[in-house]
Number of protein chains: 8
Amino acid sequence: MSQETARAAQDGASPVVGIIMGSSSDWDVMRNAVAILEEFGIPFETRVVSAHRMPLDMVEYGAQAVPRGLRAIIAGAGGAAHLPGMMAALTPVPVFGVPVPSRHLHGEDSLLSIVQMPKGVPVATFAIGDAGAANAALHVVACLATTDDALQQKLVAFRERQTEAARAMRVPPAPAA
Amino acid sequence: MSQETARAAQDGASPVVGIIMGSSSDWDVMRNAVAILEEFGIPFETRVVSAHRMPLDMVEYGAQAVPRGLRAIIAGAGGAAHLPGMMAALTPVPVFGVPVPSRHLHGEDSLLSIVQMPKGVPVATFAIGDAGAANAALHVVACLATTDDALQQKLVAFRERQTEAARAMRVPPAPAA
Amino acid sequence: MSQETARAAQDGASPVVGIIMGSSSDWDVMRNAVAILEEFGIPFETRVVSAHRMPLDMVEYGAQAVPRGLRAIIAGAGGAAHLPGMMAALTPVPVFGVPVPSRHLHGEDSLLSIVQMPKGVPVATFAIGDAGAANAALHVVACLATTDDALQQKLVAFRERQTEAARAMRVPPAPAA
Amino acid sequence: MSQETARAAQDGASPVVGIIMGSSSDWDVMRNAVAILEEFGIPFETRVVSAHRMPLDMVEYGAQAVPRGLRAIIAGAGGAAHLPGMMAALTPVPVFGVPVPSRHLHGEDSLLSIVQMPKGVPVATFAIGDAGAANAALHVVACLATTDDALQQKLVAFRERQTEAARAMRVPPAPAA
Amino acid sequence: MSQETARAAQDGASPVVGIIMGSSSDWDVMRNAVAILEEFGIPFETRVVSAHRMPLDMVEYGAQAVPRGLRAIIAGAGGAAHLPGMMAALTPVPVFGVPVPSRHLHGEDSLLSIVQMPKGVPVATFAIGDAGAANAALHVVACLATTDDALQQKLVAFRERQTEAARAMRVPPAPAA
Amino acid sequence: MSQETARAAQDGASPVVGIIMGSSSDWDVMRNAVAILEEFGIPFETRVVSAHRMPLDMVEYGAQAVPRGLRAIIAGAGGAAHLPGMMAALTPVPVFGVPVPSRHLHGEDSLLSIVQMPKGVPVATFAIGDAGAANAALHVVACLATTDDALQQKLVAFRERQTEAARAMRVPPAPAA
Amino acid sequence: MSQETARAAQDGASPVVGIIMGSSSDWDVMRNAVAILEEFGIPFETRVVSAHRMPLDMVEYGAQAVPRGLRAIIAGAGGAAHLPGMMAALTPVPVFGVPVPSRHLHGEDSLLSIVQMPKGVPVATFAIGDAGAANAALHVVACLATTDDALQQKLVAFRERQTEAARAMRVPPAPAA
Amino acid sequence: MSQETARAAQDGASPVVGIIMGSSSDWDVMRNAVAILEEFGIPFETRVVSAHRMPLDMVEYGAQAVPRGLRAIIAGAGGAAHLPGMMAALTPVPVFGVPVPSRHLHGEDSLLSIVQMPKGVPVATFAIGDAGAANAALHVVACLATTDDALQQKLVAFRERQTEAARAMRVPPAPAA
């Protein structure tokens, strides 16, 4: 598995979250997930794992998810987006899916391809695009925080800052009457 | 909070999962989540918490989620489904949303009202209806299992049985040629 | 409640209409509501009240709506737009919802999240975007005018001017045959 | 205007709300609006006014709305639903539109035909079907209540009963484990 | 009726087709209908007739359609597009509707608001935008041509030229292999 | 062309309207067009002409439409509904398309396949299902009536009866208060 | 691979077409593909291969497709339908996808999940439901027939019978005038 | 048939694949199919064949497809896209349809007009736009390869290169923490 981007290794920690995507063109959306995990100091790795062009690598990635210690997989894909659902089929590690906007149908196809999973194999699905990528990561943080008090405090602080930022918003003055 | 259904208390355990829904009419869908948690022996509680008719109870439920030890909240609602997103706004406990099928638009409104959350406040969303309710619970099990080896073994066994059941499926014989 | 924009106070009048929105990024749409209320001289205030990032402020805003003398609340939000519906749950003051266009689904998610409210908690919903914001304000004017003869005369005059403006429209000449 | 159903006259009061619909087949939906107005004791009248089959009656109804003292018009229609929008064009009395479910498109056509009004002529739109009809009436009550303390008290009491009814909801027991 | 654009009068002929639209902003689409009628030498007039801002002018236009000798009305509108359907209600002259693209929903609202008319009051509906405007005019030409041999010959010749133009189309050379 | 249903011949008149449909299963919808033409005494014929299973018959039908004296063709089809558009390509006789409801997508596919014709080849499209079939026939009547005073009088009388029938509609009494 | 339904073996021929589906509940749709292949005497096999519950069996099925001599795979699935696309990723044997109608979204999710494949990995997609299953098989027959003259003659004869059956369709008599 | 682009003739081979499209404006999408066939050295021809403007040419093209030795037809069209389905009706040669994006509805109309064919006349449908055009050609290659070992080897090699290219994808470095 030499081709992975071992970003997580920078501080010597094994990744606990895998961020995978169907193509490098999905990066512009998925970087929003990266930004959140970095902000919370969660060790992670990023990989291109194409369900359709690299199906056996995908199988291998799924098979290794538990042994390698991953506790969550964030998977983004667009169009007939099969990566999140297939990863969920290949590992008991919980999968968090991000519908990447598609060229012609605005991500509606991506959303339905990810969220409408059959009973038995869940994918936790988030909003189309940037907001969904960030929120998938935030949801992973929230899950990890349920057994990590320090992380929970960070999360609570993050949300308080977010609330303060919203409270500080001022709408522009109206045009003179 | 006397009106809760303290089903979790049957075996003396405090609930770790709250299953809430906007109306008792959502039960037929949400029972699929209950069935999964029972199968895995996860202590849970069930409550009707209407975002629109009981907003202050909803706020209180959110405020108490961490102190009461909840580690996940499964929220089902239909139409302009605000319960999952509002609960996500009210507690750092991760929220898992279930779009309940609506009368006229088949749950498409429920799905969009739950999944399209803005950056910063995630709701993990699942399929419309029964499959989504079961899968929300299975995803909670998977999250809890990342720090609970016994539960992880149960989950792996569940999935193996599921695989065997699928493998055992036989399609009916064709009509005589 | 020091962070409100007390635009209404400019002429010493208490606001009778609250214009709230989920984010300062909604301003470009919601300013169309402001322009109408200014044209009719209705005292109003504008506030960012995020349902998801400031839920307790939202509860407080709802609780104070009647005591503060608000007679209408215009609420704009996009995506999984919960602000109008939650505000309607929190106060008997009538709520007028404006679906703000969303990035990927063109406001179809915003529209369904606002209009498909369950029986018992109404949100009067208007068109997606600028037209909806202006029309929410015009509808508020029409409601207020039912007990205010001067305002009714202003409204009738406004509509007459509007009719005259439409009547004065000339379509360009055709290209030479 | 002899063909109107002078239900309001039962107690000698002039109607303050007109409930109109495009066809008698819309009654099954629109009766939900009637039930609310009766519960609150608001004098009203009901009429079939077809935009497409009785356009001149519709014009006349609009012209008489102010002189006859109507303070709100609730209009329901399905498919290419033009009645609410046209009535809004014909009178400054505020119009509250109800999308009646259509046979093939489930009321999505009705909804868009009513809500997507151009800037300048508002229709306050509510959910498709029964919920929308009830909520249109409740919104009218809320508007009228802003200048009628007794009605406001009734509305607050109605909402409190509604909250209590939701709080009293119990989800059925789970199937034996 | 002084405000009409009496383009038809240029050659002394009374208009046999009325082209009406809800706003001067619809011109860019509706000019495609004009171009066809000019090409075929059909006397026509163009008017802005806003269903929502000029409802009584619309009624008058409908009432005069037969006396003034109109044999077809082409009506374009966008969003909650009521002009074609209302005109069809106001005159037995056949109405040809053009869905003008809307800002947020791409004309899907315009299309449904025009095509989904109830039994009894037809609007012949064409494609969204430029193609629909041209085709509405071509359909009018085809209807008129059924009792006008010279026009029928022109139409056949138009279609033959159209066929030849399509036959002459060459696709660009492929990039060098 | 022996397989046609020469219903028109009953009174010795040549058909002026052809009603064609893609399958005999479309009859239940298309009979609504038949009923209108019978009511107005317009000579017509009905035929199954499947674009996909009988393409050469379709071509022949188109080629003979003018020589046989047809002045309008009403074509109904469902799903990927190509019959109306292809017939419009094959004859200058105006084509009136009826989207027959489809099994899975409720006629939305039928509607788009018929209405979204390219510039140059128009199909006048009507509502999905029964209403559309009746209205296609009524529109044909209106077109024919522009050069037939007796028919115009019948049409005006039909519409007056329709208006009277709508005016006579009474909504049921409300449940006792 | 003992669990396969070796229907093809009945006449001793190795299957050239694999018909696979995500669940035995898809049989009611997929039997339409079986009926066509039987009619044309194409040796085939049927299997339940769940992408989500049996992913490794799916991988194995794909790996064996070429060695086992399959020349086409017909794959049916519903909801987030990943089986056709994943099979296309796992073998160069051409895959023909059938969207099985889903419970809540009528197969729209199934269709988009199958048809919107990224560049490089094609799935030939057919209509939702029964028609799509039959047509997938007919398309396979047509592909095989391009190198099998006897099969081509059978196909031509099938289509001629189909044309004759359509030509023989008579629409019911109209109700008495 | 002098107007065809006899690109295939460059190396003296008769075309085995016909690539047809409704207009020269479809070229920008359909060139993606050309590029694939060129890469695999499959003799092909390209033609504009408009179903609506050149219906008789279309019939002729279909009639000649078998005699001229075509083994596959790739047909692209947009909007009410009838070319693929009609070609499928006119020849037993298998047809592969490409939905070209439409101006207002993003190709959703094109997709439904192509994929929702009735039982008996199949069109193998691919994704909207560029990906669909390339994939239609790849699917044709895969079908041809089932009886051509050299082509099968080329296809396997193409897929291996594609897999390697995906494996080589690196996501950009994260912004500095």
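The values are calculated or read from the model by the stated rules, or taken from the named source; none is laboratory data. A quick note: this is a predicted structure, and the numbers were derived from the prediction, not measured. We place every Cβ from the backbone using ideal geometry, glycine too, and count neighbours over all the protein chains shown.
Odds and ends about this structure:
- Only one entry of F:166, F:150, F:124, F:136 meets the criterion of being more than 22 Å from residue F:91 (Cβ to Cβ) and touching a Gly at 6+ places or on another chain (Cβ under 9 Å), and that entry is F:166.
Results for (1) out of contact with any helix residue (DSSP H, G or I) (no Cβ under 6 Å at 6 or more places or on another chain); (2) more than 7 Å from every other protein chain (Cβ to nearest Cβ); (3) small (Gly, Ala, Ser), shown as yes or no for each residue.
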{"site": "F:42", "(1), (2), (3)": "yes, yes, no"}
{"site": "F:52", "(1), (2), (3)": "no, no, no"}
{"site": "F:63", "(1), (2), (3)": "yes, yes, yes"}
{"site": "F:70", "(1), (2), (3)": "yes, yes, no"}
{"site": "F:82", "(1), (2), (3)": "no, no, no"}
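- Any chance residue E:22 is under 17 Å from the mean Cα position of the chain (by Cα) and buried (at least 24 other Cβ atoms within 10 Å of the Cβ): yes
- Residue count for segment B:11-27, restricted to those that are within 23 Å of residue B:143 (Cβ to Cβ) and either in a helix (DSSP H, G or I) or free of Cβ contacts under 8 Å to residues at least 24 places away in the same chain (or both): 2
Per-residue answers, yes or no, for (1) more than 24 Å from residue C:130 (Cβ to Cβ); (2) touching a Phe, Trp or Tyr at 6+ places or on another chain (Cβ under 8 Å); (3) not polar (S, T, N, Q):
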position: D:58; (1), (2), (3): yes, no, yes
position: D:96; (1), (2), (3): no, yes, yes
position: D:110; (1), (2), (3): no, no, no
position: D:121; (1), (2), (3): no, no, yes
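- Residues being charged (D, E, K, R) and under 20 Å from residue H:140 (Cα atoms) - total across segment G:71-105: 1
- Residue within segment A:142-158 that is modelled with pLDDT of 95 or more and in contact with a Cys (Cβ under 6 Å, 6 or more places away or on another chain) present: yes
- Hits in segment G:18-56 - residues which are touching a Leu at 6+ places or on another chain (Cβ under 6 Å) and under 18 Å from residue G:133 (Cβ atoms): G:18, G:22, G:36, G:44, G:51
- Residue list for segment H:105-160, restricted to those being within 14 Å of the chain's Cα centre (by Cα) and among the polar types (S, T, N, Q): H:125, H:135
- Residue within segment A:64-71 that is surrounded by 23 or more Cβ atoms within 10 Å (Cβ to Cβ) and touching a residue at least 24 places away in the same chain (Cβ under 8 Å) present: no
- For segment H:28-80, residues that are assigned to a helix (DSSP H, G or I) and more than 29 Å from residue F:121 (Cα to Cα) total 6.
- Candidates are the residues of segment G:37-63 that are aromatic (Phe, Trp, Tyr) and either crowded, with 22+ Cβ neighbours inside 10 Å or in contact with an Asp or Glu (Cβ under 7 Å, 6 or more places away or on another chain) (or both); the one that is farthest from residue A:90 (Cα to Cα) is G:44.
- Any pair with Cβ under 8 angstrom, 6 or more apart, that starts in segment F:121-146 at a residue that is under 17 Å from residue E:136 (Cβ atoms) and ends at one that is surrounded by fewer than 24 Cβ atoms within 10 Å (Cβ to Cβ) and small (Gly, Ala, Ser): F:135/E:120
- For segment E:46-55, the criterion of a residue being out of contact with any Cys (no Cβ under 6 Å at 6 or more places or on another chain) and at positive phi is satisfied by no position.
- Positions within segment H:85-113 being facing chain G (nearest Cβ under 10 Å), hydrophobic (A, V, I, L, M, F, W, C) and touching a strand residue (DSSP E or B) at 6+ places or on another chain (Cβ under 6 Å), in sequence order: H:88, H:93, H:95, H:96, H:111
- Qualifying helices (runs of 4 or more DSSP H) (wholly inside segment H:95-171; at least 3 residues being surrounded by fewer than 19 Cβ atoms within 10 Å (Cβ to Cβ)): H:149-167
- Inside segment D:128-165, residues that are out of contact with any helix residue (DSSP H, G or I) (no Cβ under 6 Å at 6 or more places or on another chain), at the interface with chain C (Cβ under 7 Å from one of its Cβ atoms) and not small (Gly, Ala, Ser) make up a count of 7.
- Per-region count, segment E:133-153, residues of a type in the set (D, E, K, R) and closer than 24 Å to residue E:75 by Cα: 1
- Scanning segment H:128-154 for residues that are among the acidic types (Asp, Glu) and within 17 Å of residue G:119 (Cα to Cα) yields a single hit, H:130.
- For residue G:76, the conditions (1) within 11 Å of chain H (Cβ to nearest Cβ); (2) within 12 Å of the chain's Cα centre (by Cα) all hold with the exception of (1).
- Scanning segment H:45-63 for residues that are without any contact (Cβ under 8 Å) to a residue 40 or more places away in the chain and within 15 Å of the chain's Cα centre (by Cα) returns H:48, H:49.
- Complete set of residues in segment A:28-50 that are touching a strand residue (DSSP E or B) at 6+ places or on another chain (Cβ under 7 Å) and more than 24 Å from residue A:142 (Cα to Cα): A:48, A:49
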